[in-house]
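Notes follow the structure.
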Amino acid sequence: MNFKSFSLYTRIFIFFLFTGTGIHAQKFDSLLNILDTQYPQERIYVHYDKAYYNPGETIWFKAYLFAGFLPSGISTTIYAELVTEKGKILDRKIMPVIGASSSSGFDIPDSLKSALVYIRVYTSWMLNFDSSFIYVKPIHIIVPSTTVKTKREPSVLLNFFPEGGDMVAGLESRVAFKGTDEEGLPVKIKGDIVSSKVQKVISFSDVHDGMGYFFITPLAGEKYKASWKNNKGVVTETDLPAVKEKGVQLSVVNTSNDLSYTLHRSPDVPDNYKIIHVVAQMQQQPVYIARVNMTTKESVTASINVDSVSDGILQVTIFTEDLHPIAERIVFINHNNYYFITDLHATIKNLTKKGRNTLQVDVGDTLLTNLSISVTDAGANPPAKGEENIFSHLLLTSDIKGFVHDPAYYFSNNSDSVQSHLDLVMMTNGWRRFKWEDVMAGAWPLVKTYPQPYITLTGSVYGLSAHQLATQPELSLILRTQKENNQLFVVPVNKKGEFILRDMLFFDTAHLFYQFNNDKDKRLTSTATFDFKNTLIRMGNDPLVGLNPYSKPIIPDSLIQKKNSSLNKLRSDQFSEGIKVKELEAVNVKGYTKSAMQKLDEEYTSGFFSGGDGRVFNVANDAFANSSMSILDYLQGKVAGLQINTSGGPSNSSVSWRGSATSLFLNEMSSDVSMIQSTPMSDVAMIKIFNPPFFGAAGGGAGGAIAIYTKKGGKDNSSIKGLEFISISGYTPLKEFYSPDYLKDADANKSDYRTTLYWNPHLIFDRSNRRITLPFYNSDNCKKIRVIIEGINEEGRLTREEKFFE
């Protein structure tokens, strides 16, 4: 699924306010445009099935990929790693990006003794930027404790943040503060600000989660301290930032209806401080650019029109006349336009032992929508303070410096108190996407890795003369997957002996056979030496230095940990999450016989094409197929809603479903009508048709998909006999969540102690499919179900719905 708006160069909005001359305004716009078009930055959010796990369980997850305000169209591959505290990679997943998302699962080793692991998720493009952009999530593992650790009282840290960055003598300043322990968790703070003569200036106390602010007009040459009591009751002193003798003070007022800023300057500032440039940007998009003449004024107040601005963090920076940044403030713009509504309810609720339940999910609008859903035992996975969600991560924590405690709280409601608390977060944290000093100096990021279209092979040919390479020979390549599906490619070799094969999408390991075109005796091929390189990358086992997690691990209380440990111990092998290393089709279910069509599907299909509700046609055993002129002629009238037009001949034929073009695949490789029509029916073994939307289609799947599979053996084998080949690694094989069906399973009498009852990372909606029903079965002891849905639509809006059923 590839949303049409997922363009690398898409601009969402541009709103300028120019005052005075526009030369510098054009410079700011030009610099932001370079950042936006040449160095757009991606960020990732990951939805998990639950917050903590036991050894032997599977961490199910789905990663959503954004760039700017939209789902990203930059990268086509996401890497995810399960990492120990020491940086050792326990497991690694390489996943194709479909619809700006990828999904998989990590099997936690039964032998794991550590209570903490990390999930690290990134794209190759993200590695060009600061490592803090890489998604890192700590995950708590419930392991039996062998030793009792004495928990020492953590130290309390108190930090102060003058608005704009500095306190200036003689100018009133709002100073924010934040009190935390060594782990970054908030602590209550109360104390006094005193002068160097120990005279009380003002009292202060926190307003929310250890944060608050006070106003102070500092005196020149004075040094201020905060006098407060730590957690042990001992009076502690903390220095406030030094007072600047002169400068410009920035203050910002952000209300639901207006955003305004005020500039105050000292009377005797240098001339270059009397002409101020104000720049406001969001996601590297210019929102407001102004030149403020303060030659005759010491104070100026102005408004920024943010009516047309997207929801998110706005960075306001002021520059001197010679374009030196001197003050900065970030604010959160919230028009409540960042989300869309998802309706979730239970049409069948049965919380008895192994009871059958059905959830119904409705999305009201007609936009292409991509969701994931987790259903867990609320008794083992209750809500916990400190949890993040898709709103808090993509709109808040992924864009600022520093740890934010309980980030989901700031999107819990639209009350004035919550918004004022969010502004405290803005004052006690900084923007981290780029530094204006670097941008003004032209110090752009050094790009070492460029995103490649899915699996890409680059290669070089050695041993041929310049004359032989001057003819620009072509290589014939045959990719044979694990299911023995073959795909033919022809790639040119340039005069330097270089070639490239792009846009392959396959899973597990494949063989790539190669030979020069029209080289019947293989004289040219045998003379040459070939070097193939896969562009898939790998990070080493490095300590997690500098990779600061966006959040703290969610650690349940002792009762919840004990319950999880007990359930994990009781969980039977047949239905335990620990056996999900097996593919779904490998689970032996007694009393259930696979049909001939199911066996055929398993023989040929893989990845996104396997299983599901696609309609399978056994062409090899269909007498009517031999009399069909082509594949599309054979399919005429076989599937309701599938529109096939072959009147224009092979090159002008078309296939559509519900008004959208149908995606075509030949041996699971993207194809087109002409190639499909040129494939003889005698070579076809099976055709599988997927109703729209089809998640595995790069075009969005709004028109469904047709997958054609050619016969194995015979002609296909003869075409590669005697050819040289290499083995190449593809994407990690897909894992499918095992959800028992007690209407079919003969082993329904076995115990079921699952804590994740259902997980589905692929809920796809479009204009013709606005409702999905999801059946699942309860475990033996779950009394209360927790359901969380998260996701995105093609316009970049987010959704989250959480409900409990008991």
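The values are calculated or read from the model by the stated rules, or taken from the named source; none is laboratory data. As the structure is a prediction and not an experimental result, all values here were calculated from the model. We place every Cβ from the backbone using ideal geometry, glycine too, and count neighbours over all the protein chains shown. Side chains are part of the model used for accessible areas, which takes the heavy atoms of the whole protein and leaves out ligands, DNA and RNA. Shrake-Rupley method; radii C 1.70, N 1.55, O 1.52, S 1.80 Å.
Summed over qualifying helices (DSSP H, 4 residues or more, each -39500 (n - 2.57)) and divided by its residue number, the chain shows a 222 nm mean residue ellipticity of -3000 deg cm²/dmol. Between the beta carbons of Thr509 and Asn337, assuming R0 = 45 Å, the FRET efficiency works out to 0.50 to the nearest 0.05. Averaged over residues, the count of other Cβ atoms within 10 Å places the peptides 277-289, 203-215, 455-467, 169-181 in the sequence 277-289, 169-181, 203-215, 455-467, highest first. Ranked by the mean number of other Cβ atoms within 10 Å per residue, highest first, peptides 508-518, 298-308 order as 508-518, 298-308. The range 281-317 and the range 722-764 have Cα centres spaced 51 Å apart. Scanning the chain for long hydrophobic helices, with DSSP H runs required to stretch 20 angstrom or more by C-alpha along their axis and to average at least -0.5 on the Kyte-Doolittle scale, returns 23-38. Note on Tyr462 and Ser412: the model spin-label points, each 7 Å out from Cα along the C-beta direction, lie 6.4 nm apart.
Taking a spot 7 Å from the Cα of Lys246 along the direction of its beta carbon, which residues of the range 269-302 have an amide N less than 16 Å from it? Under 16 Å, as judged by backbone N against the label point of Lys246, lie 269-276, 294-299 of the range 269-302. Extension gain, Glu724 to Asp130: 0.36 nm times the residue separation minus the Cα-Cα distance gives 209.6 nm.
Listed here are the pairs Lys354/Lys803; Lys483/Lys711; Lys50/Lys483; Lys137/Lys784; Lys137/Lys569; which of them are more than 23 Å apart at the Cα? Distance filter (> 23 Å) returns Lys50/Lys483; Lys137/Lys784; Lys137/Lys569. For the range 728-806, the orientation-averaged shadow of the C-alpha convex hull comes to 8.9 nm² (one quarter of the hull surface). Taking amide H as placed 1.01 Å from N in the peptide plane, Leu90 has its amide H under 5 Å from the amide H of Leu82, Val83, Thr84, each at least 5 places away in sequence or on another chain.
Computing Rg and the Kirkwood Rh from the Cα coordinates of the range 426-491 gives a ratio, Rg/Rh, of 1.29.
Site pair Gln419 and Met539 shows an inter-label distance of 3.8 nm when each label is modelled 7 Å from Cα along Cα→Cβ.
Solvent-accessible area assigned to carbon and sulfur over the chain amounts to 49 percent, based on a 1.4 Å probe. Based on every Cα atom in the range 632-680, Rg and the maximum pairwise Cα distance Dmax equal 10.4, 28 Å. Across the options Thr529, Ala378, His762, the greatest Cα extent toward the positive end of the charge dipole of the chain (unit charges at beta carbon of Lys, Arg, Asp, Glu) belongs to Ala378. The label point for Asn33 and the one for Lys495, both projected 7 Å from the Cα toward the Cβ, are 3.5 nm apart.
Report note on the peptides 318-331, 108-121: ranked by the mean count of other C-beta atoms within 10 Å, highest first, their order is 318-331, 108-121. Taking every alpha-carbon pair within the chain, the share separated by more than 37 Å comes to 52 percent. To the nearest 10, the accessible area of Ser779 is 0 Å² with a 1.4 Å probe. Accessible area per residue for the chain, computed on protein heavy atoms with a 1.4 Å probe, is 44 Å².
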